[in-house]
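First the structure, in the form of structure tokens, and then the observations on it.
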Amino acid sequence: MLVLASIGAYSLNRSLVDVGLMYAVGAIGLGMRVLDIPLVPAVLGLVLGPMAEQQFRRAVAISDGSLSVFVTRPISAVLLATAVFMFIGPWLLRRWSPRPRAVADE
């Protein structure tokens with residue numbers, strides 16, 4: 001499988017850089033699997049990232065360079081607050097949740 005993938009990567013542009021990039025991405029994927037990091041969010045980020053960046057630039061250009069457009073509109077403010085909570089929420093819940101006490105042997 002590795003030989004066929006290497007031949008395919010090389011034959012695309014006849015470049016060893018492509019083969020090295022394929023191995024590097026494979027090593028990153030293996031590392032993510034070993035560390036139990038989910039692959040789906042990473043793939044979604046790679047696919048949707050450029051589109052999100054383009055729309056972000058467009059929104060900033062329409063608002064004359066002001067980032068306040070993201071908090072002055074109700075829908076965007078709610079989506080931004082939800083994204084912030086989804087990012088920080090697990091840490092806050094772990095910090096504020098009561099820790100189970102050790103049961104003393106009788």
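The table below lists the values:
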item	result
Helical contribution to [θ] at 222 nm, DSSP H n ≥ 4, -39,500 (n - 2.57), averaged over the chain, rounded to 500	-26000 deg cm²/dmol
Highest-fluctuation residue, S63, S11, S76 considered, GNM on the chain with Cα pairs under 10 Å	S11
Accessible area expressed per residue, the chain, with surrounding protein chains retained (probe 1.4 Å, Å²)	91
Cβ-derived FRET efficiency at R0 35 Å, L30 paired with A59, nearest 0.05	0.40
Calculated FRET value between F85 and Y23, using beta carbons and R₀ = 41 Å, to 0.05	0.60
The chain: relative contact order in percent, alpha carbon pairs under 8 Å with at least 6 residues between	8
Of all accessible heavy-atom area on the chain, the percent that carbon and sulfur account for (1.4 Å)	71
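The values are calculated or read from the model by the stated rules, or taken from the named source; none is laboratory data. Here the structure is a predicted model, which means the values were calculated and not measured. Reconstructed Cβ throughout: ideal geometry from the backbone, glycine too, with neighbour counts over all protein chains shown. Each accessible area value is taken on the protein alone, full model and side chains, heavy atoms only, with ligands, DNA and RNA left out. Shrake-Rupley method; radii C 1.70, N 1.55, O 1.52, S 1.80 Å.
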